[in-house]
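J.: Supplied in structure tokens, the structure appears directly below.
The values are calculated or read from the model by the stated rules, or taken from the named source; none is laboratory data. Only a predicted model underlies this, so the values are computations on that prediction, with no experimental measurement involved. Cβ placement follows ideal geometry from the backbone for every residue including glycine, while neighbour counts extend to all protein chains displayed. SASA here: full protein model, heavy atoms, side chains in, ligands and nucleic acids out. Shrake-Rupley method; radii C 1.70, N 1.55, O 1.52, S 1.80 Å.
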Amino acid sequence: MTTAPAKKSPKTTATKNGAHAKAPEGNSIIKEVGLPEDPNNLYTQTVSTMLHAADVMGLPHYLRLILAQPKNEIMVHFPVQMDDGKFRLFKGYRVQHNNALGPYKGGLRFHHDVHLDDVKSLAFLMTMKCSLVGVPYGGGKGGIKVNPREHSKSEMEGIVRRFTTAIAHNIGPDYDIPAPDVGSNSQHMAWIADTFSFLSEIGGDNPAAVITGKPIEYGGSLGREKATGQGVVDTLVEMLPELKLKPEKCTFSVLGFGNVGSWSGKIFQDKGAKMTAVADHTGFIINDKGIDAHDLAEYVKAKGGVAGYPKASKCSKDDFYKHRVDVFIPAALEQMIQEPEAKMLNCKVVAEGANAPTTPAGERVLASRGIEILPAILCNAGGVTVSYFEWVQNKTFQSWDLEKVDAELNKHMVRAAQKTRAAREKYKCDLRTAAYIAALERLKQAYEVRGIFP
Ligand code: NAD
């Protein structure tokens, strides 16, 4: 990933403030299933978070084992002809982590630096997220090692369609349903649905339901594009009052101004909050008087990034992180808030729009500084929730209006927040541990009634 270089984090065990990291060496499951013992490894960090929650709630050993590894890890290589007539070989992934609660579900990342460990971590997080937010799905994730910005539309179409044929026998509307993630968009989803439909012998009755995040014109749902940002703001509105913050009075900054960052910014601003600093892969900008999120989103669409935006000043990375705001929304990639960034942050709340943006070492610093974290499996669950609504509409040949989508989404987000709060109350733990406990409770109940066959 294009994240800051991994820093050595201290090999501490669980902390008194509830920060979730455990030294992998001290954790028998990590050894038992043969995970890397490097504390900077993203998958080990992700599983350690779950294992900490498992310790707090007393999750049976067999469930810890099952959840510590994905069920299937699929890796494919496929050739695609480029515009100049030459062939290039691409690498793609689909990881299916768990399907105890329903079909595998999770996005496809198109990024030049995507690795199996990232995809495994993201698939794992989908299992937790789907369980927490109460949709009937398990967790999966996939990706292609490609930089979409380097390819023409016709090359991308070839790459996406060849990838779809390579994994077609491993996905399906009732088995594994991908969606967009970093670098992929609704046009890519349309090509996947079309390619899958063309393979009629495996397409079934309703092949377009194999993927969500499609364009509205081709089976997509109203409200899906903004859903993750909407869910971030629904979570903020639900959780900020207990932190004595009024959403309409908040200032905020955003790291990553793509789908999640820009929609979080626009919707939070529409509630009255003021965005004062933004960063993406092109640079850092700041304006204490406010940066109009709608205007900036148009600029980014036209120019490809926030750099050069004329109604704000360019600033350094340090100025961006040290900028005083009420809410900081990371909405870029994993592991971006490490110890140094956590020391610089000058906010009251971190609302995790991105998946796994905070490392355990970063989290310990935030906790020691009294900064609350709204964890990703709660905060960014809006996307998969509206993906579920899209799938339900496809399967039942319905089309919901936006009011219904938004209202149903809000119900799911509020319920997930309440479950998280209830677990925090019961186990006297931090919000991240509580969100994992709430997710693990549902998985535990499903395994108890299903059993393990044979
Ligand atoms: P996107 O591709 O639309 O946007 C990614 C943003 O991150 C871009 O603004 C890019 O410039 C920025 N970025 C990339 N590298 C960076 C760097 N090194 N420094 C600063 N900024 C950088 O992706 P997205 O769909 O908005 O996803 C963002 C995050 O949200 C990811 O963690 C993703 O897994 C998560 N997420 C996405 C959805 C969804 O529905 N799209 C749902 C849940 C979670």
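J.: Looking at the range 68-84, is at least one residue without any contact (Cβ under 8 Å) to a residue 40 or more places away in the chain and in a helix (DSSP H, G or I)?
T.: Yes, the range 68-84 contains at least one residue that is without any contact (Cβ under 8 Å) to a residue 40 or more places away in the chain and in a helix (DSSP H, G or I).
J.: Ok, one more. For the range 1-33, which residues satisfy the criterion of being of a type outside the set (Lys, Arg) and at pLDDT 50 or above?
T.: Within the range 1-33, Asn27, Ser28, Ile29, Ile30, Glu32, Val33 qualify.
J.: At least 2 residues that are closer than 21 Å to Phe87 by Cα in each: list the helices (runs of 4 or more DSSP H) lying fully within the range 122-203 that qualify. Full working, then the answer.
T.: Working: elements: 153-167, 186-198, 200-203.
Passing ranges, in order: 153-167, 186-198.
J.: Determine which single condition His77 fails, assuming it passes every other condition in (1) open to solvent by 40 Å² or more (accessible area, probe 1.4 Å); (2) farther than 22 Å from Asn185 by Cα.
T.: The single condition His77 does not satisfy is (2).
J.: A further question on this structure: Working only within the range 216-241, note down all residues that are free of Cβ contacts under 8 Å to residues at least 40 places away in the same chain and either among the charged types (D, E, K, R) or open to solvent by 30 Å² or more (accessible area, probe 1.4 Å) (or both).
T.: From the range 216-241, those free of Cβ contacts under 8 Å to residues at least 40 places away in the same chain are 216-218, 225, 233, 237, 241; that's our starting set.
Within the range 216-241, Ile216, Glu217, Tyr218, Glu225, Val237, Pro241 qualify.
J.: Still on this structure, please answer the following. Can you tell me which residues in the range 318-340 are surrounded by 24 or more Cβ atoms within 10 Å (Cβ to Cβ) and either more than 17 Å from Asp118 (Cβ to Cβ) or touching a Phe, Trp or Tyr at 6+ places or on another chain (Cβ under 8 Å) (or both)?
T.: Correct list: Val327, Phe328, Ile329, Ala331.
J.: Hey, another quick one. Being among the hydroxyl-bearing types (Ser, Thr, Tyr) and either at positive phi or within 16 Å of the ligand (Cβ to nearest atom) (or both) is the filter here; which residues of the range 190-225 pass it? Before the answer, list the steps.
T.: From the range 190-225, those among the hydroxyl-bearing types (Ser, Thr, Tyr) are 195, 197, 200, 212, 218, 221; that's our starting set.
Within the range 190-225, Thr212, Ser221 meet the criteria.
J.: Any residue that is part of a loop (DSSP other than H, G, I, E, B), at pLDDT below 95 and within 26 Å of Phe453 (Cα to Cα) - is there at least one of those in the range 34-49?
T.: Yes, some residue in the range 34-49 is part of a loop (DSSP other than H, G, I, E, B), at pLDDT below 95 and within 26 Å of Phe453 (Cα to Cα).
J.: Now a separate question. Given the range 355-454, what helices (runs of 4 or more DSSP H) lie entirely inside it while holding 1 or more residues that are surrounded by fewer than 24 Cβ atoms within 10 Å (Cβ to Cβ)?
T.: On the way: elements: 360-368, 376-379, 382-396, 402-427, 431-450.
Output list reads 360-368, 382-396, 402-427, 431-450.
J.: Need at least 3 residues that are within 16 Å of the ligand (Cβ to nearest atom) and farther than 25 Å from Ile371 by Cβ per element, so show me which helices (runs of 4 or more DSSP H) inside the range 254-330 make the cut, counting only ones lying wholly within it. Steps first, please.
T.: Numbers: elements: 259-270, 293-303, 317-322.
So the answer is 293-303.
J.: Give the residues of the range 160-189 that are crowded, with 23+ Cβ neighbours inside 10 Å and within 16 Å of the ligand (Cβ to nearest atom), sorted by residue number.
T.: Val160, Ile177, Pro178, Ala179, Pro180, Asp181, Val182, Ser184, His188, Met189
J.: Sticking with this structure for a sec: Tell me whether the range 361-377 contains one or more residues that are within 11 Å of the ligand (Cβ to nearest atom), touching a residue at least 60 places away in the same chain (Cβ under 8 Å), under 24 Å from Met126 (Cβ atoms) and among the β-branched types (Val, Ile, Thr). Lay out the reasoning, then the answer.
T.: The first filter runs over the range 361-377 and keeps only residues within 11 Å of the ligand (Cβ to nearest atom), leaving 376-377.
Checking the rest, the ones that are also touching a residue at least 60 places away in the same chain (Cβ under 8 Å) come to 376-377.
The next check asks that each one be under 24 Å from Met126 (Cβ atoms); those that pass are 376-377.
Narrowing further to those that are among the β-branched types (Val, Ile, Thr): 377.
Yes, that holds for at least one residue.
J.: Checking the condition within 16 Å of the ligand (Cβ to nearest atom), open to solvent by 10 Å² or more (accessible area, probe 1.4 Å) and touching a Pro at 6+ places or on another chain (Cβ under 9 Å), which residue from His111, His151, His115 passes? Spell out how you get there, then give the answer.
T.: Details: His151 fails: touching a Pro at 6+ places or on another chain (Cβ under 9 Å); His115 fails: touching a Pro at 6+ places or on another chain (Cβ under 9 Å).
Unique residue meeting the criteria: His111.
Here's the yes/no breakdown for (1) modelled with pLDDT under 95; (2) out of contact with any Ser or Thr (no Cβ under 7 Å at 6 or more places or on another chain); (3) on the phi > 0 side of the Ramachandran plot:
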{"residue": "Phe389", "(1), (2), (3)": "no, no, no"}
{"residue": "Glu403", "(1), (2), (3)": "no, yes, no"}
{"residue": "Asp406", "(1), (2), (3)": "no, yes, no"}
{"residue": "Asn410", "(1), (2), (3)": "no, yes, no"}
{"residue": "Ala416", "(1), (2), (3)": "no, yes, no"}
{"residue": "Arg421", "(1), (2), (3)": "no, yes, no"}
{"residue": "Pro454", "(1), (2), (3)": "yes, yes, no"}
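J.: So is Thr282 of a type in the set (S, T, N, Q) and without any contact (Cβ under 8 Å) to a residue 40 or more places away in the chain or not? Break it down stepwise before answering.
T.: Values: of a type in the set (S, T, N, Q): yes; without any contact (Cβ under 8 Å) to a residue 40 or more places away in the chain: yes.
Yes: the conditions hold for Thr282.
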